[in-house]
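One structure below.
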Amino acid sequence: MNDTFVTVVGNVVDSPRRVSLDNGAVTNFRMASTARRYDSARQEFVDAGTLWVDVECWNGLSSNVSGSVSKGDPVIVQGALTTHSWETENGRRSTPRIRAFAVGPNMARGMAVFKRDKSGRAGEPADATASGPLSPTVGDGAQDEFPSSAEELRAGRDYVGDDETLHEVNPADLSAEPAHV
């Protein structure tokens, strides 16, 4: 069976709800994505239709979304599109649903502060208060510090390569791409 993968840009329209189940934790929220188009007759942008979609986030994503996303936040959601159906006294009803693989803030609409979730990373401590050159604590003014030697680099996280890997670019070697018509 083929999944339909989508990326939807929009706003969270209700507060995320987190529930712990026997098979894991899930966080659900609803979002709206309104298309805009330019109306040349009116010489302005106008709103087109709005897509209303339910979003479900499971397990680790559930925890991060419930702690980070609030009603009104501009978000970008990537996941598998499905249809949720149910029976009512008025007949069969359905609504689109995204089983999210990734949820993030829409940086075109604001700024965000990212806090890495270290619980799932191999080779790094799960403790958020771990000490080291790449794990400054909040408020200590060290967020702009970078390792100054190869010994301070963490394997698997920081780039370590030989001198031949990086090389100077010679502008004479670059050719202009032909314009496509």
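Could you tell me which residue of the stretch 1-26 is nearest to A108 (Cα to Cα), considering only residues that are open to solvent by 60 Å² or more (accessible area, probe 1.4 Å) and not in a strand (DSSP E or B)?
Step one: filter the stretch 1-26 for residues open to solvent by 60 Å² or more (accessible area, probe 1.4 Å), giving 1-5, 7, 9, 15, 17-23.
In the following step, the residues that additionally are not in a strand (DSSP E or B) were identified as 1-3, 15, 22-23.
Values: M1: 35, N2: 32, D3: 28, S15: 22, D22: 38, N23: 36 Å.
Per the criteria, the residue is S15.
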Out of (1) in contact (Cβ under 8 Å) with a residue 24 or more places away in the chain; (2) over 15 Å from F101 (Cβ atoms); (3) in a strand (DSSP E or B); (4) touching a Ser or Thr at 6+ places or on another chain (Cβ under 7 Å), the odd one out for T50 is which?
(1)
Report yes if T95 is open to solvent by less than 40 Å² (accessible area, probe 1.4 Å), in a strand (DSSP E or B) and either modelled with pLDDT under 95 or in contact with a Gly (Cβ under 7 Å, 6 or more places away or on another chain) (or both), otherwise no.
yes
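If I filter the stretch 27-83 down to residues being in contact with a helix residue (DSSP H, G or I) (Cβ under 8 Å, 6 or more places away or on another chain) and at pLDDT 95 or above, which single residue comes out as farthest from V13 (Cα to Cα)? Break it down stepwise before answering.
Here is the first cut: in the stretch 27-83, the residues in contact with a helix residue (DSSP H, G or I) (Cβ under 8 Å, 6 or more places away or on another chain) are 27, 29, 57, 60.
Next, from what is left, pick out any that are at pLDDT 95 or above: 27, 29, 57.
Working: T27: 14, F29: 8, C57: 16 Å.
Among those residues, the one meeting the criterion is C57.
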Top-ranked residue in the stretch 98-116 [being open to solvent by 70 Å² or more (accessible area, probe 1.4 Å) and within 14 Å of V69 (Cβ to Cβ); ranked as modelled with the highest pLDDT]
P105
Just the residues that are farther than 21 Å from V77 by Cα and open to solvent by less than 70 Å² (accessible area, probe 1.4 Å), please, taken from the stretch 27-59.
D39, V46
Could you give every pair whose Cβ atoms fall below 7 Å, whose first residue belongs to the stretch 66-83 and is in contact (Cβ under 8 Å) with a residue 40 or more places away in the chain, and whose second residue is crowded, with 20+ Cβ neighbours inside 10 Å and of a type in the set (S, T, Y), counting only separations of at least 6 or pairs across chains?
S66/T27
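The values are calculated or read from the model by the stated rules, or taken from the named source; none is laboratory data. Values in this document were obtained by computation on a predicted structure and should not be read as measured data. Neighbour counts are summed over all protein chains in view; Cβ atoms, including those assigned to glycine, are modelled from backbone coordinates with ideal geometry. Just so you know, the surface numbers come from the protein's heavy atoms only, side chains and all, with ligands and any DNA or RNA stripped out. Shrake-Rupley method; radii C 1.70, N 1.55, O 1.52, S 1.80 Å.
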